[in-house]
Amino acid sequence: MSEPVYFLSIGLVLATILAIFAMRYYAAITQAKAKLASDEAYRQLSETAVKAQAQTATALSGLETTLADVRSRLMAVEKVLKEV
């Protein structure tokens, strides 16, 4: 076996091993980026949910105020009707 063929065969084996490790490294980086994007999407979703919950709470407090006003008016109307 001649030297160039020997070095070529050794080089191909080492290049294959190096390529395998490079692909595994690239796959790990890709998975980390995908996980980061997924986490960011969940973070944005939770922020949106918190904002919606705050708006709902504000609307509910406004409705409670309006309902209390309607109740007081209804009690006044009932009182007037009882007097008449």
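Here are some notes:
- Shown for the chain: the carbon plus sulfur share of the solvent-accessible area, taken with all protein chains present and a 1.4 angstrom probe, equals 69%.
- Between 0 and 90°, nearest 10: helix 3-83 axis offset from the chain longest Cα axis: 0 degrees
- Between residue 60 and residue 10, the modelled labels are 7.5 nm apart [label points 7 Å from Cα along Cα→Cβ].
- Pairs of alpha carbons in the chain whose separation is greater than 16 Å (percent): 77 percent
- Rolling a 1.4 Å probe over the heavy atoms of the protein chains gives the chain an accessible area of 94 Å² per residue.
- Spin-label pair residue 36/residue 81, simplified geometry with 7 Å Cα→Cβ offset, distance in nm: 6.7 nm
- Where labels lie 7 Å past Cα in the beta-carbon direction, separation of residue 17 and residue 48 in nm: 5.0 nm
The values are calculated or read from the model by the stated rules, or taken from the named source; none is laboratory data. Since this is a predicted model, take the numbers as computed values, not measurements. Here the Cβ is made from the backbone with ideal geometry for all residues, glycine too, and neighbour counts use every protein chain on show. These area figures cover heavy atoms from the full protein model, side chains too; ligands, DNA and RNA do not enter into them. Shrake-Rupley method; radii C 1.70, N 1.55, O 1.52, S 1.80 Å.
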